[in-house]
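The values are calculated or read from the model by the stated rules, or taken from the named source; none is laboratory data. Note that the structure is predicted; figures quoted are calculated from it, not measured. Cβ atoms come from the backbone with ideal geometry, glycine included; neighbour counts cover every protein chain shown. Keep in mind that these areas ignore ligands, DNA and RNA; they rest on the heavy atoms of the full protein, side chains included. Shrake-Rupley method; radii C 1.70, N 1.55, O 1.52, S 1.80 Å.
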Amino acid sequence: MADRREMLARLNPQTVRFDVGHGGGTPSLTTSDIAAALGMVPAGLGREVMEAVYLPDGAMRHRPKLAEAVLAIVRPEFTRRARALAEAEDDLSFSKEMVSLSRRNLSDAQRRILRDREAAVVLARSRAWPRNTYHHLSRMVDAVVMELASGNRCPTCIGAGIVNDMGCKDCRCTGIEPTPDRRRALAMGTDSPAYMRRWKPVYEWLLAELNHAGEVAAKQLSRALSNAEHEPRSRAA
């Protein structure tokens, strides 16, 4: 079944008319129907992503809305990861101070606690995002939207994001064939080593979030289009 989001392309400014059926017949859906169905999709990240991918001409006018919607999900995630790192570092500092105050040789229990605290810091640091994430967010969003617009479905899960009731590991459940890291780095305006070291986890998280939001909006659009198809049309007197 064709992706019904592709119908949004009819709403882009154009000289060729798509609202005339083949042989002069009336199409099942007009541009007015499509615009009305789009209006039935709730405002938010999913709709902004869908428009950016399938209605780029119109989405350019609403780019600030996309940026605002992205920030609304990035900020709490950035804060959560930064707080987890700060708490892990604080726990380690506290444990070290307690050992220092004891003025005794380290016991096995204390060594175990310190190892656990140090491991927690390493893990939290690997999951924390760079402090200048917001500075690079605009380019990252552009790169993600471009990747979503590529239409390259993951060959492993055929775009479903699931294989044998399990999340597809090859595309990280996005259903999109992963773009080479080098190409993603170029799209972000950075080099491959910097992308791999700093930005890959952020990029992949953002790609998954935007793709999921867009898929939810796509289902809402599809339902609205189906309703429009089955609505009786008024006949001229």
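Quick check on this structure: which one of ALA218, ALA187, ALA208 is among the small types (Gly, Ala, Ser), in a helix (DSSP H, G or I) and open to solvent by less than 20 Å² (accessible area, probe 1.4 Å)?
Values: ALA187 fails: open to solvent by less than 20 Å² (accessible area, probe 1.4 Å); ALA208 fails: open to solvent by less than 20 Å² (accessible area, probe 1.4 Å).
From the options ALA218, ALA187, ALA208, the qualifying one is ALA218.
Considering only the range 175-214, state which residues are among the charged types (D, E, K, R) and touching a residue at least 24 places away in the same chain (Cβ under 8 Å). Walk me through it before giving the result.
Going residue by residue through the range 175-214, those that are among the charged types (D, E, K, R) are 177, 181-184, 191, 197-198, 200, 204, 209.
Within the range 175-214, GLU177, ARG184, ARG198, GLU204, GLU209 meet the criteria.
Being hydroxyl-bearing (Ser, Thr, Tyr), free of Cβ contacts under 8 Å to residues at least 60 places away in the same chain, farther than 22 Å from ALA213 by Cβ and assigned to a helix (DSSP H, G or I), is that true of even one residue in the range 76-91?
Just the residues of the range 76-91 that are hydroxyl-bearing (Ser, Thr, Tyr), to begin with: 79.
Right, trim to free of Cβ contacts under 8 Å to residues at least 60 places away in the same chain and you get 79.
In the following step, the residues that additionally are farther than 22 Å from ALA213 by Cβ were identified as none.
Taking every residue of the range 76-91 in turn, none turns out to be hydroxyl-bearing (Ser, Thr, Tyr), free of Cβ contacts under 8 Å to residues at least 60 places away in the same chain, farther than 22 Å from ALA213 by Cβ and assigned to a helix (DSSP H, G or I).
Have a look at ALA224, ALA217, ALA228 and point out the one that is touching an Asp or Glu at 6+ places or on another chain (Cβ under 8 Å) and in contact (Cβ under 8 Å) with a residue 60 or more places away in the chain. Please lay out each step first, then the result.
Working: ALA224 fails: touching an Asp or Glu at 6+ places or on another chain (Cβ under 8 Å); ALA217 fails: touching an Asp or Glu at 6+ places or on another chain (Cβ under 8 Å).
Only one candidate qualifies: ALA228.
Report the residue count in the range 163-174 for those that are part of a loop (DSSP other than H, G, I, E, B) and either touching a helix residue (DSSP H, G or I) at 6+ places or on another chain (Cβ under 7 Å) or open to solvent by 100 Å² or more (accessible area, probe 1.4 Å) (or both).
Taking the range 163-174 as the starting set, the residues that turn out to be part of a loop (DSSP other than H, G, I, E, B) are 164-165, 168-174.
Next cut, either touching a helix residue (DSSP H, G or I) at 6+ places or on another chain (Cβ under 7 Å) or open to solvent by 100 Å² or more (accessible area, probe 1.4 Å) (or both) only: 164-165, 169, 172-174.
Residues in the range 163-174 being part of a loop (DSSP other than H, G, I, E, B) and either touching a helix residue (DSSP H, G or I) at 6+ places or on another chain (Cβ under 7 Å) or open to solvent by 100 Å² or more (accessible area, probe 1.4 Å) (or both): 6 in total.
Out of PRO178, PRO193, PRO201, which single residue is at pLDDT below 85 and either open to solvent by 10 Å² or more (accessible area, probe 1.4 Å) or of a type outside the set (Val, Ile, Thr) (or both)?
On the way: PRO193 fails: at pLDDT below 85; PRO201 fails: at pLDDT below 85.
So the residue among PRO178, PRO193, PRO201 that is at pLDDT below 85 and either open to solvent by 10 Å² or more (accessible area, probe 1.4 Å) or of a type outside the set (Val, Ile, Thr) (or both) is PRO178.
If LEU106 satisfies all but one of (1) in a helix (DSSP H, G or I); (2) at pLDDT below 95, what's the number of the condition it fails?
Only one criterion is unmet by LEU106, namely (1).
Restricting the search to the range 50-95, which residues are surrounded by 15 or more Cβ atoms within 10 Å (Cβ to Cβ), charged (D, E, K, R) and under 25 Å from ALA128 (Cβ atoms)?
Selection gives GLU77, ARG81, GLU89, ASP91.
Looking at the range 115-141 only, could you name the residues that are open to solvent by less than 70 Å² (accessible area, probe 1.4 Å), under 30 Å from PRO56 (Cβ atoms) and free of Cβ contacts under 8 Å to residues at least 60 places away in the same chain?
Once the filter is applied, which keeps residues that are open to solvent by less than 70 Å² (accessible area, probe 1.4 Å), under 30 Å from PRO56 (Cβ atoms) and free of Cβ contacts under 8 Å to residues at least 60 places away in the same chain, the range 115-141 yields only ASN132.
ARG103 - would you say it is on the phi > 0 side of the Ramachandran plot, basic (Lys, Arg), open to solvent by 90 Å² or more (accessible area, probe 1.4 Å) and over 28 Å from the mean Cα position of the chain (by Cα)? It would help to see each step written out before you state the result.
On the way: on the phi > 0 side of the Ramachandran plot: yes; basic (Lys, Arg): yes; open to solvent by 90 Å² or more (accessible area, probe 1.4 Å): yes; over 28 Å from the mean Cα position of the chain (by Cα): yes.
Considered against the rule, which asks whether it is on the phi > 0 side of the Ramachandran plot, basic (Lys, Arg), open to solvent by 90 Å² or more (accessible area, probe 1.4 Å) and over 28 Å from the mean Cα position of the chain (by Cα), ARG103 comes out as yes.
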